[in-house]
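The values are calculated or read from the model by the stated rules, or taken from the named source; none is laboratory data. The model shown is predicted, which means the values in this text are computed figures rather than measured ones. So basically every Cβ, Gly included, is an ideal-geometry build from the backbone, and we count neighbours across all protein chains shown.
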Amino acid sequence: MPLKSFALVAAETDEAKAALKRIESRYATVSPEQADIIVALGGDGFMLETLHRFLDRGTPIYGMNCGTVGFLMNAFGEDGLPRRLEAAQTVRLHPLAMTARDVTGAEHRALAINEVSLLRETRQAAKIAIRIDGVVRLAELICDGVLVATPAGSTAYNLSAYGPILPIGSGVLALTPISAFRPRRWRGALLPHTAEAVFEILEHAKRPVSAVADFTEIRDVVEVRVREERGVALTLLFDPEHNLEERILREQFLP
C-alpha cells in the first residue's frame, strides 16, 4: 500500500501539544483538508471532538493516546508512525440521529457518536414514557434519566450507568436507565440498530428534562426521537494488535 499523507491535530494539553511538535519535526505532514488520514493526539474526549469536526469529510481518524483512558485511541508512539498508519485496521461506525422537540414546539437535530442521554434538570425525578418503533414499551419510567448508546459509546457514560458493553458490529444499541426509581428493577434493554426510540417527557412543566447528543444539549424537551443514522459513516483506524473489538471484549473481563 502506498504511503498516505496525514495531518496532525492535538488536544489543548501540554502533553498533546508537546507530542505534536515532536512528530511534526520528524515527519512530513499536510493540512487536515489535504490529508488521507488525520492523526488525533489526545484522549477519548478529543477523539470525539475530532470525529465531529471532520464528520462531513469522512476522513479516517487514527488516534494516539495523550490523555487518561484512551479507549478509542491507539498507544502513543512516535517511531514508525507512517508504517503504523499503513498497517492500521478500519472500523466503521454510524452515529445516532437525535430529533428533540422543546416546549416551544421548535425541533432540534444533532448527531451523537457515543450516546443520546435525557437528564432531569431539577431536584425532582423525571417521568418518561418510552416507545420503540411505535409500541409503548414503558408507560412511565421515573428516573434521573435514560440514554441510548452506540457500541462505540457503550464503554462511556452507558457503562457508568451499569449498561452493557456492546461489541462493534453487534447490530444493537443499548437503552439504559440512569438511577431508575420505578420500575426499580428495570435495567434497560438491547435494541436492534434499526429501531427508533421515542421518549415522551411526562409532566414536563413540573419535571423538566434536557436532551444531550454528545456535545449538543437541548433544554426543556417534550419529545426526543433517536435512531441510528445509516447515511453517515465514521472511519476509525486501529493498530492490528490493539483494535477496538479486542478492547471491547477485554473490557468485559476486567475485575
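Yes or no: segment 161-175 includes at least one residue that is more than 30 Å from VAL39 (Cα to Cα) and touching a residue at least 40 places away in the same chain (Cβ under 8 Å).
Scanning segment 161-175 turns up at least one residue that is more than 30 Å from VAL39 (Cα to Cα) and touching a residue at least 40 places away in the same chain (Cβ under 8 Å).
Would you be able to say whether some residue in segment 205-212 is over 21 Å from the mean Cα position of the chain (by Cα), more than 30 Å from ILE37 (Cβ to Cβ) and charged (D, E, K, R)?
Yes, that holds for at least one residue.
When you go through ALA213, ALA205 one by one, which is the residue that is under 30 Å from ALA7 (Cβ atoms) and either of a type in the set (A, V, I, L, M) or not assigned by TED's automatic domain parsing to the domain that holds TYR62 (or both)?
ALA213
Looking at segment 66-85, is at least one residue closer than 20 Å to LEU249 by Cβ, in a strand (DSSP E or B) and not basic (Lys, Arg)?
Looking through segment 66-85, at least one residue is closer than 20 Å to LEU249 by Cβ, in a strand (DSSP E or B) and not basic (Lys, Arg).
Please determine whether any residue of segment 188-196 is in contact with a helix residue (DSSP H, G or I) (Cβ under 8 Å, 6 or more places away or on another chain) and hydroxyl-bearing (Ser, Thr, Tyr).
no
Which pairs turn up if I take residues in segment 193-214 that are without any contact (Cβ under 8 Å) to a residue 60 or more places away in the chain and look for partners that are buried (at least 18 other Cβ atoms within 10 Å of the Cβ) with beta carbon separation below 9 Å, at least 6 apart in sequence or on another chain?
THR194/ARG227; THR194/GLU228
Answer with yes or no whether GLY70 is out of contact with any strand residue (DSSP E or B) (no Cβ under 6 Å at 6 or more places or on another chain), free of Cβ contacts under 8 Å to residues at least 40 places away in the same chain, more than 19 Å from THR155 (Cα to Cα) and not assigned by TED's automatic domain parsing to the domain that holds SER170.
Against the criterion (out of contact with any strand residue (DSSP E or B) (no Cβ under 6 Å at 6 or more places or on another chain), free of Cβ contacts under 8 Å to residues at least 40 places away in the same chain, more than 19 Å from THR155 (Cα to Cα) and not assigned by TED's automatic domain parsing to the domain that holds SER170), GLY70 does not qualify.
Quick check: is even one residue across segment 100-111 buried (at least 21 other Cβ atoms within 10 Å of the Cβ) and over 26 Å from ALA40 (Cβ atoms)?
yes
How many residues are in a loop (DSSP other than H, G, I, E, B) and closer than 18 Å to ASP239 by Cα if we restrict to segment 1-60?
9
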